[in-house]
Amino acid sequence: MSLDLTGKVAIVTGGGHGAGAAVALALGRAGAKVCISDLNPDRAQRIENEIKANGGDAISVPADIGNKFQCVTVIETTRATWGQLDILINGMMVSPSNTIIKMDEWDFQRVFEVNLKGTFFMTQLCGRVMSDENGERGGMIINLGTTAGILHPQPKQAAVCAMNGAIVGFAAEAAQEYGEFHVRVNTVLLATDGPDPNAAADCVMGLFAPESESISGALFGPDGRRLSWQTTS
(Lines give C-alpha, C1' and ligand atoms only; values in the text may rest on other atoms or scores of the structure.)
Protein backbone atom coordinates (compact mmCIF):
# COMPACT_ATOMS: atom_id res chain seq x y z
CA MET A 1 0.00 0.00 0.00
CA SER A 2 1.44 3.38 -1.03
CA LEU A 3 0.50 6.19 1.34
CA ASP A 4 1.91 9.67 1.72
CA LEU A 5 1.91 10.87 5.32
CA THR A 6 4.46 13.60 4.72
CA GLY A 7 3.88 16.43 7.18
CA LYS A 8 2.27 14.18 9.79
CA VAL A 9 3.75 13.59 13.23
CA ALA A 10 3.17 10.32 15.08
CA ILE A 11 3.83 8.82 18.49
CA VAL A 12 4.07 5.03 18.76
CA THR A 13 4.15 3.56 22.27
CA GLY A 14 5.63 0.10 22.46
CA GLY A 15 7.36 1.08 19.24
CA GLY A 16 10.61 -0.72 19.95
CA HIS A 17 9.45 -4.25 19.17
CA GLY A 18 6.71 -6.42 17.71
CA ALA A 19 3.68 -4.80 16.12
CA GLY A 20 4.57 -1.38 17.52
CA ALA A 21 7.92 -1.46 15.74
CA ALA A 22 6.31 -2.65 12.50
CA VAL A 23 3.82 0.23 12.65
CA ALA A 24 6.54 2.77 13.46
CA LEU A 25 8.60 1.62 10.49
CA ALA A 26 5.56 1.69 8.19
CA LEU A 27 4.72 5.25 9.29
CA GLY A 28 8.30 6.28 8.65
CA ARG A 29 8.27 4.77 5.17
CA ALA A 30 5.07 6.69 4.43
CA GLY A 31 6.81 9.97 5.29
CA ALA A 32 5.54 10.62 8.82
CA LYS A 33 7.87 11.90 11.51
CA VAL A 34 7.83 9.27 14.25
CA CYS A 35 8.47 9.35 17.99
CA ILE A 36 9.21 5.82 19.19
CA SER A 37 8.50 5.27 22.88
CA ASP A 38 9.31 2.02 24.61
CA LEU A 39 10.17 0.73 28.07
CA ASN A 40 13.52 -0.44 26.66
CA PRO A 41 15.66 2.49 25.40
CA ASP A 42 17.87 0.26 23.26
CA ARG A 43 14.90 -1.13 21.35
CA ALA A 44 13.48 2.36 20.79
CA GLN A 45 16.85 3.63 19.59
CA ARG A 46 17.18 0.72 17.17
CA ILE A 47 13.88 1.57 15.46
CA GLU A 48 14.79 5.28 15.38
CA ASN A 49 18.05 4.38 13.66
CA GLU A 50 16.28 2.12 11.16
CA ILE A 51 13.79 4.83 10.20
CA LYS A 52 16.60 7.34 9.73
CA ALA A 53 18.64 4.83 7.71
CA ASN A 54 15.67 4.58 5.33
CA GLY A 55 15.60 8.36 4.90
CA GLY A 56 12.91 9.13 7.48
CA ASP A 57 12.80 11.38 10.52
CA ALA A 58 12.46 9.89 14.01
CA ILE A 59 13.27 10.31 17.68
CA SER A 60 13.16 7.82 20.53
CA VAL A 61 11.84 8.66 24.01
CA PRO A 62 11.98 5.81 26.54
CA ALA A 63 9.01 5.88 28.91
CA ASP A 64 6.69 3.87 31.12
CA ILE A 65 3.27 5.02 29.97
CA GLY A 66 1.72 3.74 33.16
CA ASN A 67 3.16 6.93 34.62
CA LYS A 68 1.30 10.08 33.55
CA PHE A 69 4.35 12.31 33.94
CA GLN A 70 6.35 10.11 31.58
CA CYS A 71 3.48 10.25 29.08
CA VAL A 72 3.69 14.06 29.23
CA THR A 73 7.43 13.86 28.55
CA VAL A 74 6.86 11.76 25.42
CA ILE A 75 4.20 14.14 24.09
CA GLU A 76 6.01 17.37 24.90
CA THR A 77 9.31 16.10 23.49
CA THR A 78 7.51 15.24 20.27
CA ARG A 79 5.85 18.66 20.07
CA ALA A 80 9.08 20.46 20.90
CA THR A 81 10.85 18.58 18.11
CA TRP A 82 8.28 18.95 15.33
CA GLY A 83 5.69 21.45 16.54
CA GLN A 84 2.58 19.30 16.14
CA LEU A 85 0.94 15.93 16.78
CA ASP A 86 -1.35 14.09 14.37
CA ILE A 87 -1.19 10.36 15.11
CA LEU A 88 -1.08 8.23 18.26
CA ILE A 89 -0.52 4.48 18.19
CA ASN A 90 -1.15 2.91 21.61
CA GLY A 91 0.98 -0.20 21.25
CA MET A 92 2.68 -0.72 24.60
CA MET A 93 1.51 -3.91 26.33
CA VAL A 94 2.74 -6.23 29.07
CA SER A 95 1.43 -9.78 29.44
CA PRO A 96 2.49 -11.70 32.56
CA SER A 97 1.38 -15.33 32.44
CA ASN A 98 -0.28 -17.10 35.35
CA THR A 99 -3.55 -18.69 36.38
CA ILE A 100 -6.15 -16.59 38.18
CA ILE A 101 -5.66 -18.66 41.33
CA LYS A 102 -1.90 -18.07 41.39
CA MET A 103 -1.74 -14.58 39.90
CA ASP A 104 0.00 -12.03 42.06
CA GLU A 105 -1.86 -8.77 42.60
CA TRP A 106 1.20 -6.85 41.40
CA ASP A 107 1.07 -8.58 37.99
CA PHE A 108 -2.61 -7.73 37.55
CA GLN A 109 -1.96 -4.14 38.63
CA ARG A 110 0.96 -3.83 36.22
CA VAL A 111 -1.19 -4.90 33.26
CA PHE A 112 -3.82 -2.41 34.38
CA GLU A 113 -1.25 0.40 34.63
CA VAL A 114 0.45 -0.17 31.27
CA ASN A 115 -2.18 -1.69 28.98
CA LEU A 116 -5.26 0.21 30.16
CA LYS A 117 -4.23 3.23 32.19
CA GLY A 118 -1.40 3.99 29.78
CA THR A 119 -3.88 3.89 26.89
CA PHE A 120 -6.16 6.23 28.84
CA PHE A 121 -3.34 8.68 29.66
CA MET A 122 -2.03 8.84 26.11
CA THR A 123 -5.50 9.05 24.55
CA GLN A 124 -6.54 11.80 26.94
CA LEU A 125 -3.36 13.88 26.68
CA CYS A 126 -2.91 13.51 22.91
CA GLY A 127 -6.63 14.10 22.42
CA ARG A 128 -6.31 17.42 24.21
CA VAL A 129 -3.47 18.47 21.90
CA MET A 130 -5.29 17.36 18.76
CA SER A 131 -8.58 18.98 19.74
CA ASP A 132 -6.93 22.26 20.78
CA GLU A 133 -4.46 22.63 17.92
CA ASN A 134 -5.40 20.63 14.83
CA GLY A 135 -8.76 22.04 13.80
CA GLU A 136 -10.09 20.48 10.60
CA ARG A 137 -6.86 18.49 10.25
CA GLY A 138 -8.02 16.37 13.16
CA GLY A 139 -6.03 13.33 14.08
CA MET A 140 -5.91 9.56 14.41
CA ILE A 141 -5.63 7.34 17.50
CA ILE A 142 -5.23 3.60 17.01
CA ASN A 143 -5.06 1.07 19.84
CA LEU A 144 -3.26 -2.23 19.42
CA GLY A 145 -4.63 -5.13 21.44
CA THR A 146 -4.89 -8.88 21.15
CA THR A 147 -7.74 -11.29 20.58
CA ALA A 148 -7.45 -12.63 24.16
CA GLY A 149 -10.69 -11.88 25.98
CA ILE A 150 -12.28 -10.46 22.83
CA LEU A 151 -12.59 -13.35 20.38
CA HIS A 152 -11.67 -16.14 22.80
CA PRO A 153 -10.32 -16.78 26.32
CA GLN A 154 -6.59 -17.31 26.70
CA PRO A 155 -5.07 -19.64 29.30
CA LYS A 156 -3.01 -17.86 31.98
CA GLN A 157 -3.81 -14.43 30.50
CA ALA A 158 -6.75 -13.30 32.62
CA ALA A 159 -5.30 -9.84 33.26
CA VAL A 160 -4.64 -9.26 29.57
CA CYS A 161 -8.14 -10.52 28.69
CA ALA A 162 -9.66 -8.08 31.16
CA MET A 163 -7.69 -5.10 29.87
CA ASN A 164 -8.31 -5.92 26.20
CA GLY A 165 -12.06 -5.82 26.82
CA ALA A 166 -11.74 -2.54 28.66
CA ILE A 167 -9.62 -1.00 25.89
CA VAL A 168 -12.17 -1.90 23.23
CA GLY A 169 -14.97 -0.29 25.24
CA PHE A 170 -12.86 2.76 26.03
CA ALA A 171 -11.90 3.23 22.38
CA ALA A 172 -15.53 3.14 21.29
CA GLU A 173 -16.40 5.90 23.76
CA ALA A 174 -13.32 7.93 22.79
CA ALA A 175 -14.41 7.74 19.16
CA GLN A 176 -17.79 9.19 20.12
CA GLU A 177 -16.35 12.03 22.19
CA TYR A 178 -13.52 12.93 19.82
CA GLY A 179 -15.64 12.91 16.68
CA GLU A 180 -16.49 16.60 16.99
CA PHE A 181 -12.76 17.38 16.87
CA HIS A 182 -12.22 15.30 13.70
CA VAL A 183 -10.13 12.82 15.67
CA ARG A 184 -10.74 9.19 14.74
CA VAL A 185 -10.22 6.32 17.20
CA ASN A 186 -9.97 2.65 16.18
CA THR A 187 -8.64 -0.64 17.57
CA VAL A 188 -6.62 -3.35 15.82
CA LEU A 189 -6.28 -6.80 17.41
CA LEU A 190 -3.29 -9.09 17.00
CA ALA A 191 -3.54 -12.85 17.17
CA THR A 192 -2.62 -14.05 20.65
CA ASP A 193 -0.72 -17.06 19.32
CA GLY A 194 1.83 -16.29 16.62
CA PRO A 195 0.95 -12.61 16.06
CA ASP A 196 1.99 -11.17 12.70
CA PRO A 197 3.38 -7.66 13.30
CA ASN A 198 3.41 -6.84 9.59
CA ALA A 199 -0.25 -7.81 9.19
CA ALA A 200 -1.11 -5.49 12.07
CA ALA A 201 0.91 -2.71 10.46
CA ASP A 202 -0.90 -3.23 7.15
CA CYS A 203 -4.25 -2.93 8.92
CA VAL A 204 -3.15 0.21 10.74
CA MET A 205 -1.85 1.83 7.58
CA GLY A 206 -5.06 0.95 5.76
CA LEU A 207 -6.90 3.27 8.13
CA PHE A 208 -5.01 6.21 6.62
CA ALA A 209 -6.20 5.40 3.09
CA PRO A 210 -8.70 7.80 1.49
CA GLU A 211 -11.40 5.14 1.42
CA SER A 212 -11.10 4.73 5.21
CA GLU A 213 -11.39 8.41 6.11
CA SER A 214 -14.84 8.00 7.69
CA ILE A 215 -13.98 4.96 9.83
CA SER A 216 -13.96 5.59 13.58
CA GLY A 217 -15.00 3.50 16.57
CA ALA A 218 -14.18 0.33 14.65
CA LEU A 219 -12.57 -2.91 15.78
CA PHE A 220 -10.45 -5.00 13.43
CA GLY A 221 -9.35 -8.63 13.78
CA PRO A 222 -5.90 -10.09 13.02
CA ASP A 223 -6.88 -10.72 9.40
CA GLY A 224 -7.75 -7.05 8.92
CA ARG A 225 -11.48 -7.68 8.74
CA ARG A 226 -13.80 -5.33 10.57
CA LEU A 227 -15.54 -7.10 13.43
CA SER A 228 -19.27 -6.83 13.91
CA TRP A 229 -19.33 -5.13 17.30
CA GLN A 230 -17.73 -1.87 16.27
CA THR A 231 -19.52 1.42 16.77
CA THR A 232 -19.47 4.53 14.62
CA SER A 233 -19.00 8.09 15.82
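The values are calculated or read from the model by the stated rules, or taken from the named source; none is laboratory data. Bear in mind the structure is a predicted one, so any value in this text is a computation, not a measurement. For neighbour counting, all protein chains shown are included, and Cβ atoms are generated from backbone atoms with ideal geometry for every residue, glycine included.
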Number of positions in the range 92-137 that are over 22 Å from residue 62 (Cβ atoms) and buried (at least 19 other Cβ atoms within 10 Å of the Cβ): 2
Residue within the range 35-42 that is part of a loop (DSSP other than H, G, I, E, B) and at positive phi present: no
Residue list for the range 1-20, filter: crowded, with 23+ Cβ neighbours inside 10 Å and either under 16 Å from residue 94 (Cβ atoms) or polar (S, T, N, Q) (or both): 13, 14, 15, 16, 19, 20
Among (1) in a helix (DSSP H, G or I); (2) in contact (Cβ under 8 Å) with a residue 12 or more places away in the chain; (3) out of contact with any helix residue (DSSP H, G or I) (no Cβ under 6 Å at 6 or more places or on another chain); (4) buried (at least 16 other Cβ atoms within 10 Å of the Cβ) - the single one residue 70 does not satisfy: (2)
Sole residue being more than 14 Å from the chain's Cα centre (by Cα), at positive phi, surrounded by fewer than 23 Cβ atoms within 10 Å (Cβ to Cβ) and free of Cβ contacts under 8 Å to residues at least 24 places away in the same chain, chosen from 31, 55: 55
The range 99-129: number of residues that are assigned to a helix (DSSP H, G or I) and among the hydroxyl-bearing types (Ser, Thr, Tyr): 2
Test set (1) more than 14 Å from the chain's Cα centre (by Cα); (2) over 26 Å from residue 136 (Cα atoms) - residue 200 fails condition number: (1)
Matching residues in the range 204-226 - criterion: being closer than 30 Å to residue 135 by Cβ and buried (at least 16 other Cβ atoms within 10 Å of the Cβ): 204, 205, 206, 207, 208, 215, 216, 217, 218, 219, 220
Checklist (1) surrounded by 19 or more Cβ atoms within 10 Å (Cβ to Cβ); (2) modelled with pLDDT under 95 applied to residue 89, failing item: (2)
Scope the range 147-203; condition among the acidic types (Asp, Glu), surrounded by fewer than 16 Cβ atoms within 10 Å (Cβ to Cβ) and assigned to a helix (DSSP H, G or I); matching residues: 173, 177, 180
